[in-house]
Amino acid sequence: MKTYTILVCCAALATTACAGDAWNAVPADRIRLGGVLGWRVDLTTTNNFMQLDLEETFFKPFREKTAAGGFVGLGKLADAAVHLARYSGKADVVARKEAVIRAILETQSPDGYLGYLRPESRMKALWDLHDTGFLLQGLMSEYEEYGDKIALEAAKRGADYVLAHWKDMPANWEFDSITDREWTLGLGFGIARLYAATKDARYRDFLLNERSLKEWELPIVIGRGKMFYGQAYGYLGTALAQLEMHGLEPDPKLLGPTLRALDFMLHGDGTLVTGTGGIAECWTNDQDGEGCVGETCFTVYELLVFDRLIRLGAADLARTGDLMERTIYNALFAAQSRDGRRLRYYTPLNGERTYFGRDDYCCPNNYRRGVARIPRNVFYVKRNAVYANLFTPCTANLDLGDVKVAVREETAYPSDGKILFTVEPERPAAFSFDVRVPRWCQAPVAKINGVRVTYPFTPGSVLKLPRVWQKGDTVALDFPMALRAVRGRGRQSGRFCMMRGPLVYALDTRSAARRPGMNDHDKGVFAGHPHDVQTVLTLDPRLMRFHPDGESSARPNGTMIEARFSTEDWSDGPSADDPTVLLSEYADPDNTLTYFRTPDIEGCGCVDDELYSGDTKKQTP
Ligand SMILES: [Zn+2]
C-alpha cells in the first residue's frame, strides 16, 4: 500500500539520523570553520561552484531531452549545492542552490522521468539510470537539509518511474558492457534515503529484491576485469547504499562488502599514503602511484563511506577518523587548483597532475560533494556525548539531546598539533567530550582546565572525557607532530616519503630546479630529467628540517620541509653541505614527486605507515 507518511527518521532539519545510528551528523549551519578546512570550503563555494555556467553546462541537456546517452552529473551538483548552501547561508549561494533544484523540478517529465535522454533511450542507455540515481540523491538532500516537500514528491515520482519501467529493461542488460552496479551507481543510495523518508515498502522491496542489496558481495577485483568489475567507485557506491539500508534495518550482510573494502585499504595495500587508491578507476594494490591514480570519485566515496561508518558505529571510530583525515588533507585537496577553479580526475603521487577540462561529469561534481560535506565531518553528536573527529579552528552549536553546548576550537592544525576547546553548555551538564587521538601521534597530552588527564590513553583511540561540564571549561590537547619518514610499500619499496601529522609532503621538481644556489651540475640533472628526476635524486630523512611558515602554494600559511639532496654520489647520499630543496604539502597543486630514494633505507630511521601498517587485524563491527 502506498503511504505518504513523512517519518521523523532523517526528517528535514533534524540531525540526519536514522534509528540504528550511533552518532548523528551536525547540521552544517551550526558550525563555522576556519583554518585550512574552512578556507577550502569557502574557496570551492566562491571560486568554483559560484563560477559554473549552470545553464549551458548543466541545465541545457535536461531542457532539450534529445540525447541518446551520456552523463552530466546535475544530481551530484544538486547534492553539493544543498550542502554548500546549508553551510554558507549566504543569499547568493542559497539562490544558486535553488536555481539548481528548480531546474531539476522544471525539467522532470510529466511521467516522473528524471534525466535528459530522448524517450526511446531512457533507462536502457548508459548512463541514464546513473544520472537518475544522483538526481534522486540531490532531491533527497534538498528534502533532508531544507525540509523541501516538493523535492521529496519529485524524488518519489522519479523513483516510481524507474520502478514502473524496470520490467522493460532489455534482457541481460546487466551483462551488456559494464557492471550493473556502475550502470546504476547512485540509484541505491537515493532510493534507500527515499525509503527512509517515506517508509514506502515498494522502495525497500526494490532494493532488496530487484537490486539484491543484501546478497551483493562482490570480491575486491584487482584491475579492470571483465565488465569493469574492478571499478572501485562503483563498489563503494553499492556499499554506501548497503550502509544506508543497514542504518534502517541492521543486517550483517549489509556490512560485509564495506568491511572487506576497508580491510583491503588498510591491510592489503589497497590505499596509497595520500588516502586514495586505484588505477584507471579500478582497485589496485601495487602502490604504483603514477598516471591515472586515485580517481576523485573514489576519494569522495571513501569519505562518504567513512562518514556513514562513523554514524553507524560500525567500525573502529578513531581509525575511521584517521582515514578520513588522511584522505581529506592529501588526496581530496590535491584535486583542486590553488585558485579553486580547476579540478582533477586523478591525483598521482609522482608525475604531472593534469586538470580535467570540464565542469560536468563525475569527478568535478563528486569533488564538490566531498568538500561540501566537510563541515559535517568535524563533530558528531549523540545524547550526552560529542565526538571531535577533525581538528580545525571553528565554533559550533551542538545539540546533545538533553543540553545544548557551544564549542569554540582554537588551533593552527594541521600546521601544529596544539588544540584548545572551550566548552559552553547552556547550564552545567553531564556529558562526554570524546576526542580522536590520531594514530600518528606518539605522545599525546590532554588537559582539562589546565590539569593533565592522568589515566592512560593511546594513539589511535578515542579519548572519552565524561564529567559535569561548566561554562568556560577547556580541553587542551597537544599532539606533537614529529617529522616521520614513511617506508614505501609495493612499487615504492626502497623509497620513503615524508609526513608530519596527517600531511604528506612532496616536491615540485620544476621549481626545485630553479632554486637559487643550485650548481650547474644539479641544474643540468633537473633539466635533463623533467619527469624522472627521482631516479637520480637522493635525500636523507635525517637531514630534514621543518619550516612552519613556508611559502607553499598548497594553501595560505602552508608548511614545508627543507631537505638536503644529492645527485652526484648515490652510494653516499647527501651531506649537510649539499644544496637544499623544499618539500611542500602534497596538496600543493604543482607537486610532482612524493617518494624519494635514500642510500640506506633501513638505516635512515624510516617507519611503517601507522595507518596502513600491513598488519592483519580485521575491522570488525
Ligand atoms: Zn570520476
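Being more than 16 Å from the ligand (Cβ to nearest atom), among the charged types (D, E, K, R) and either open to solvent by 10 Å² or more (accessible area, probe 1.4 Å) or not assigned by TED's automatic domain parsing to the domain that holds residue 589 (or both) is the requirement here; does residue 427 meet it? Full working, then the answer.
Numbers: more than 16 Å from the ligand (Cβ to nearest atom): yes; among the charged types (D, E, K, R): yes; either open to solvent by 10 Å² or more (accessible area, probe 1.4 Å) or not assigned by TED's automatic domain parsing to the domain that holds residue 589 (or both): yes.
Judged against the criteria, residue 427 is a match.
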Options 93, 72, 82; residue that is touching a residue at least 60 places away in the same chain (Cβ under 8 Å) and closer than 30 Å to residue 406 by Cα: 82
Residues satisfying the stated conditions in the range 200-226, i.e. over 26 Å from the mean Cα position of the chain (by Cα), part of a helix (DSSP H, G or I) and of a type outside the set (Lys, Arg): 201, 203, 205, 206, 208, 209, 210
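Which residues, counting only those in the range 256-291, are within 20 Å of residue 596 (Cα to Cα) and over 18 Å from the mean Cα position of the chain (by Cα)?
Taking the range 256-291 first, the residues within 20 Å of residue 596 (Cα to Cα) are 269, 271-277, 285-291.
If the condition is that a residue be within 20 Å of residue 596 (Cα to Cα) and over 18 Å from the mean Cα position of the chain (by Cα), then 269, 285, 286, 287, 288, 289, 290, 291 are the ones that fit.
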Within the range 285-320, tally of residues that are farther than 29 Å from residue 387 by Cα, surrounded by fewer than 24 Cβ atoms within 10 Å (Cβ to Cβ) and within 16 Å of the ligand (Cβ to nearest atom): 2
Test: residue in the range 264-272 that is open to solvent by 10 Å² or more (accessible area, probe 1.4 Å), of a type in the set (Val, Ile, Thr) and in the same structural domain as residue 307 (by TED's automatic domain parsing): no
The one condition in (1) over 30 Å from the mean Cα position of the chain (by Cα); (2) crowded, with 19+ Cβ neighbours inside 10 Å that residue 555 fails to fulfil: (1)
Where a residue in the range 227-254 is without any contact (Cβ under 8 Å) to a residue 40 or more places away in the chain and its partner, wherever it lies, is open to solvent by 10 Å² or more (accessible area, probe 1.4 Å) and within 16 Å of the ligand (Cβ to nearest atom), with Cβ under 6 Å and at least six apart: none
Checklist (1) farther than 17 Å from residue 612 by Cβ; (2) modelled with pLDDT of 95 or more; (3) surrounded by fewer than 24 Cβ atoms within 10 Å (Cβ to Cβ) applied to residue 223, failing item: (2)
Odd one out for residue 374 among (1) surrounded by fewer than 23 Cβ atoms within 10 Å (Cβ to Cβ); (2) away from the ligand (no atom under 16 Å from the Cβ): (1)
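Just the residues that are in a helix (DSSP H, G or I) and in contact with a helix residue (DSSP H, G or I) (Cβ under 6 Å, 6 or more places away or on another chain), please, taken from the range 315-324. Talk me through it step by step, then tell me what you get.
Quick first cut of the range 315-324, residues in a helix (DSSP H, G or I) only: 317-324.
Those that are in a helix (DSSP H, G or I) and in contact with a helix residue (DSSP H, G or I) (Cβ under 6 Å, 6 or more places away or on another chain): 320, 323, 324.
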Odd one out for residue 540 among (1) touching a Lys or Arg at 6+ places or on another chain (Cβ under 8 Å); (2) under 19 Å from residue 514 (Cα atoms); (3) in a strand (DSSP E or B): (2)
Close pairs from the range 168-186: first in the same structural domain as residue 114 (by TED's automatic domain parsing) and among the charged types (D, E, K, R), partner open to solvent by 30 Å² or more (accessible area, probe 1.4 Å) and assigned to a helix (DSSP H, G or I), Cβ under 7 Å, at least 6 apart: 180/174
Residues that are within 16 Å of the ligand (Cβ to nearest atom), out of contact with any Lys or Arg (no Cβ under 6 Å at 6 or more places or on another chain) and either over 19 Å from residue 390 (Cβ atoms) or part of a helix (DSSP H, G or I) (or both), drawn from the range 250-283: 277, 278, 279, 280, 281, 283
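Can you tell me which of 345, 367, 329 is among the aromatic types (Phe, Trp, Tyr), modelled with pLDDT of 95 or more, assigned by TED's automatic domain parsing to the domain that holds residue 48 and surrounded by fewer than 24 Cβ atoms within 10 Å (Cβ to Cβ)? If you could, list the steps in order and put the result at the bottom.
Numbers: 367 fails: surrounded by fewer than 24 Cβ atoms within 10 Å (Cβ to Cβ); 329 fails: surrounded by fewer than 24 Cβ atoms within 10 Å (Cβ to Cβ).
Checking each option against the conditions leaves just 345.
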Residue within the range 379-396 that is open to solvent by 10 Å² or more (accessible area, probe 1.4 Å), out of contact with any Gly (no Cβ under 9 Å at 6 or more places or on another chain), farther than 28 Å from residue 546 by Cβ and more than 16 Å from the ligand (Cβ to nearest atom) present: no
Neighbours by Cβ (under 9 Å, 6+ apart or cross-chain): first from the range 293-309, of a type in the set (Phe, Trp, Tyr); second near the ligand (Cβ under 10 Å from one of its atoms) and assigned to a helix (DSSP H, G or I): 298/233; 298/366; 301/233; 301/366
Criterion violated by residue 327 - all others in (1) over 13 Å from the mean Cα position of the chain (by Cα); (2) outside any loop (DSSP other than H, G, I, E, B); (3) within 14 Å of residue 611 (Cα to Cα) satisfied: (1)
Restricting the range 159-178 to residues that are in a loop (DSSP other than H, G, I, E, B) and under 23 Å from residue 74 (Cβ atoms), the residue that is farthest from the chain's Cα centre (by Cα): 169
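The values are calculated or read from the model by the stated rules, or taken from the named source; none is laboratory data. Being a predicted model, the structure only gives us computed values, none of them experimental. Please note: Cβ atoms are built from the backbone with ideal geometry, for glycine as well, and neighbour counts cover all protein chains shown. The protein model used for the area step is the full one, side chains on, heavy atoms only, and it has no ligands, DNA or RNA in it. Shrake-Rupley method; radii C 1.70, N 1.55, O 1.52, S 1.80 Å.
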